[in-house]
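A quick write-up on the structure given underneath.
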Amino acid sequence: MSRRTAALALLAAQLACRPPPAAAPEPRGQPPLFVATSDRLYTAAPLGDGLAYVPVTEKSIARKPGKVSIAISYPEVDLPDDDRERELAALIREAAMLDVWTDERVEGKVGAVEVTCVTPLATTEVVSLVCERLDGTLDPAAFTSDPTAAAPGPEIVARSFDVSGAHVVPLTWEAVLLPAVTPRLVVATALAGADEATRDAWLAGQCAAGDPGFSVFVSGVDIWPDRRSPECPQLTLDRQRIAAFAIPNGTLARVFRLGAPAEPVPDPAAEQVPDSAAAPAVEPAPDPAAEPAAR
């Protein structure tokens, strides 16, 4: 046997003994909010019980009428039903203010308009939308007197929609929470571990004029202020903690695939709610650990 033939035989033997390549790791989750990526397209992988992700494509508009720069990005959601898809598209256009920032509105002004809308979750059951809208336009006189004038903090619009029926229906707190649970109690629970300034601002009602907006993502719920600020950041409740407040077999239970009922775990943050605002005891809630979380 020649030296070359022996070397090839040895290489073949080594390849035959090599262990198979490790499987690719599962995705850790979807991209963070307000971070544009080139691959924001959800798969059609089933979540179970007929629930599946739907495709989402990022759209963008950039133009400069006069002395105002306008940049808007928003999602286009591909639903199985064309009528519901059109209904949802109209609601997204409204939230993104696509038809508001006309040349007439910004005529004679200077500055910039930035609107960024993303979908934390897009499935055949629920589509969530979060828009960050920043109006940085000024009258020329105001800009001349103070070119460094800061625009107010970005306005946040958070909405979730039930897209499983004949029509697209906006989801409210009442539609996803047990009757005995108030949004204030949910906020207080989400404030566990927050700093004192954040707790005071949220509990005093400074962060939201009414009930705060919320969005659903694959592992929980985000609660949004009217405007983002250091004292009013978004709050998050993971699926384990929101389970105690969600309607059994309701929208959130189906999205998170919550399992059999279990006793809710008390949260120390709830003690911060005044007695007049506290909710009475709730029925036993589903056990979030009984089934794996949706991916």
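Assorted remarks:
- Any chance Gly205 is within 14 Å of Ala158 (Cβ to Cβ) and more than 17 Å from the chain's Cα centre (by Cα): no
- Taking the criterion of being more than 17 Å from Cys131 (Cβ to Cβ) and open to solvent by 10 Å² or more (accessible area, probe 1.4 Å), the residues of segment 210-228 that qualify are Gly210, Asp211, Val218, Ser219.
- Hits in segment 46-80 - residues which are outside any strand (DSSP E or B) and either open to solvent by 50 Å² or more (accessible area, probe 1.4 Å) or modelled with pLDDT of 95 or more (or both): Asp49, Gly50, Lys64, Gly66, Asp78, Pro80
- Matching residues, segment 158-194, being under 17 Å from Gly220 (Cα atoms), assigned to a strand (DSSP E or B) and either touching an Asp or Glu at 6+ places or on another chain (Cβ under 8 Å) or open to solvent by less than 20 Å² (accessible area, probe 1.4 Å) (or both): Ala158, Ser160, Phe161, Asp162, Leu177
- Among (1) assigned to a strand (DSSP E or B); (2) farther than 12 Å from Cys131 by Cα, the one test that Glu114 misses: (2)
- Residue match in segment 100-114 (condition: surrounded by fewer than 21 Cβ atoms within 10 Å (Cβ to Cβ), touching a residue at least 40 places away in the same chain (Cβ under 8 Å) and under 15 Å from Phe161 (Cα atoms)): no
- Some residue of segment 9-24 being exposed (fewer than 11 other Cβ atoms within 10 Å of the Cβ), modelled with pLDDT under 90 and closer than 30 Å to Gly250 by Cβ: no
- Residue satisfying all of: in segment 209-245; assigned to a loop (DSSP other than H, G, I, E, B) and out of contact with any strand residue (DSSP E or B) (no Cβ under 8 Å at 6 or more places or on another chain); nearest to Val54 (Cα to Cα) among these: Val218
- Of Ser276, Ser229, Ser215, all but one fail to be polar (S, T, N, Q) and either touching a helix residue (DSSP H, G or I) at 6+ places or on another chain (Cβ under 7 Å) or at pLDDT 90 or above (or both); the exception is Ser215.
- Per-region count, segment 97-142, residues charged (D, E, K, R) and modelled with pLDDT under 85: 5
The values are calculated or read from the model by the stated rules, or taken from the named source; none is laboratory data. Please read all numbers here as calculations on a predicted model, not as lab measurements. With ideal geometry, Cβ positions are generated from the backbone for all residues, glycine too; neighbour counts draw on all protein chains shown. Surface areas here come from the heavy atoms of the whole protein model, side chains and all, with no ligands, DNA or RNA. Shrake-Rupley method; radii C 1.70, N 1.55, O 1.52, S 1.80 Å.
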